[in-house]
Amino acid sequence: KNEVEQSPQNLTAQEGEFITINCSYSVGISALHWLQQHPGGGIVSLFMLSSGKKKHGRLIATINIQEKHSSLHITASHPRDSAVYICAVRWPGNQFYFGTGTSLTVIP
Amino acid sequence: DTAVSQTPKYLVTQMGNDKSIKCEQNLGHDTMYWYKQDSKKFLKIMFSYNNKELIINETVPNRFSPKSPDKAHLNLHINSLELGDSAVYFCASRQEETQYFGPGTRLLVL
């Protein structure tokens, strides 16, 4: 069993839709990251969370430490949001564990 | 002015060969990582270095040997390449909680 579970694995949305991607983890963590991997393969760090909520443009990330759960929301989705979104958790120390990713396709 | 760079971008080689992938970061970060992304796009940590010292060495065959000549470089040497080593290898550096990834090296072992 993977320490980090993401859902859904694949997601197709119409442009303009509100999107939610979920991440659950099984152990206590020091931080949770949301990453975006573009179709070309490059990986970009979107958010780092240890509590609460963060917002950057149309992206919102939330975390519930007690429930060991985080969500990434995209408002007013756009085709350029099409990418793989990866949840990663950092354990105390330097360990990172990754979810299997959610492949998002936004159709015009 | 690339933050984290990797060379080569693509590497195609025969089974049994020895190859190296180089990584350099110009961000002044103390911590660097190597990750492997398999054909199913699953990322897994291989090694972590902090200020040239090995911190994490996951269950990786000892054919893989990282080398950090200085804080800005973390190279990955692979001996006796096997078909299963085919993957994308990402280098990253970290400052506090933000990671910066290199563009990846696509390794294909024939």
iface B-A | buried accessible area, total | probe 1.4 Å | Å², round 100 | 1700 Å²
B:Leu54/A:Val27 FRET efficiency (R0 22 Å; Cβ-Cβ; nearest 0.05):
0.40
Taking the range A:1-54 and dividing mean pair separation by its residue count, relative contact order in percent (alpha carbons under 8 Å, at least six apart)
27 percent
Cross-link partners among lysines for B:Lys52, C-alpha distance below 22 Å, same-chain residues fewer than 8 apart left out?
B:Lys19, B:Lys22, B:Lys36, B:Lys44, B:Lys67, B:Lys71
Between the modelled labels at B:Glu82 and B:Ala3 (7 Å from Cα along Cα→Cβ) the distance in nm is 3.5 nm
Give me the percent of Cα-Cα pairs in the range B:53-110 that sit more than 16 Å apart, rounded to a whole number.
54 percent
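Averaged per residue, what accessible area in Å² does the range B:1-86 show with a 1.4 Å probe, protein chains only? It would help to have the intermediate numbers written out before the result.
Working: 4750 Å² over 86 residues.
Normalised by residue count, the accessible surface of the range B:1-86 is 55 Å².
Heavy atoms only, probe 1.4 angstrom, no DNA, RNA or ligands counted: give me B:Tyr33, B:Tyr10 ranked by accessible area, highest first.
The ranking, largest first, comes out as B:Tyr10, B:Tyr33.
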Förster-model FRET efficiency, 22 Å R0, B:Tyr10 and B:Ala72, C-beta, rounded to 0.05
0.40
Average accessible area per residue (Å²) across chain A - probe 1.4 Å, nucleic acids and ligands excluded:
45 Å²
Dipole in debye (nearest 20) - the protein assembly as shown, about Cα centre, beta carbon charges: Lys, Arg +1; Asp, Glu -1:
60 debye
Taking H placed 1.01 Å from N in the peptide plane, check which residues at least 5 places from A:Ile65 or on another chain put their amide H under 5 Å from its amide H.
A:Gly52
Name the residues of the range B:64-110, by number, that are at least 50 Å² less accessible with every protein chain in place than in the isolated chain; the surface is that of heavy atoms, probe 1.4 Å, without ligands or nucleic acids.
B:Glu97, B:Gln99, B:Phe101
Those residues of the range B:32-48 for which accessible area with every protein chain present is at least 20 Å² below the isolated value (1.4 Å probe):
B:Tyr33, B:Tyr35, B:Gln37, B:Lys41, B:Phe42, B:Leu43, B:Ile45
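How many percent of the accessible area of chain A is carbon or sulfur, using a 1.4 Å probe? Numbers along the way, then the final one.
Details: 2580 of 4910 Å².
Reported share for carbon and sulfur atoms: 53 percent.
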Relative contact order for chain A using alpha-carbon pairs under 8 Å, separation at least 6, rounded to a whole percent?
38 percent
Rounded to the nearest 0.05, what FRET efficiency do A:Glu67 and B:Lys41 give with R0 = 22 Å and r taken as the Cβ-Cβ distance? Could you check?
0.25
Can you tell me the length gained on complete extension of the stretch A:Leu46 to A:Arg80, counting 0.36 nm per residue apart and subtracting the Cα distance?
10.8 nm
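The values are calculated or read from the model by the stated rules, or taken from the named source; none is laboratory data. Everything numeric in this text was worked out from a predicted model, so none of it was measured. Please note: Cβ atoms are built from the backbone with ideal geometry, for glycine as well, and neighbour counts cover all protein chains shown. For the accessible areas, the whole protein counts, side chains as well, though only heavy atoms, and no ligand, DNA or RNA atoms are used. Shrake-Rupley method; radii C 1.70, N 1.55, O 1.52, S 1.80 Å.
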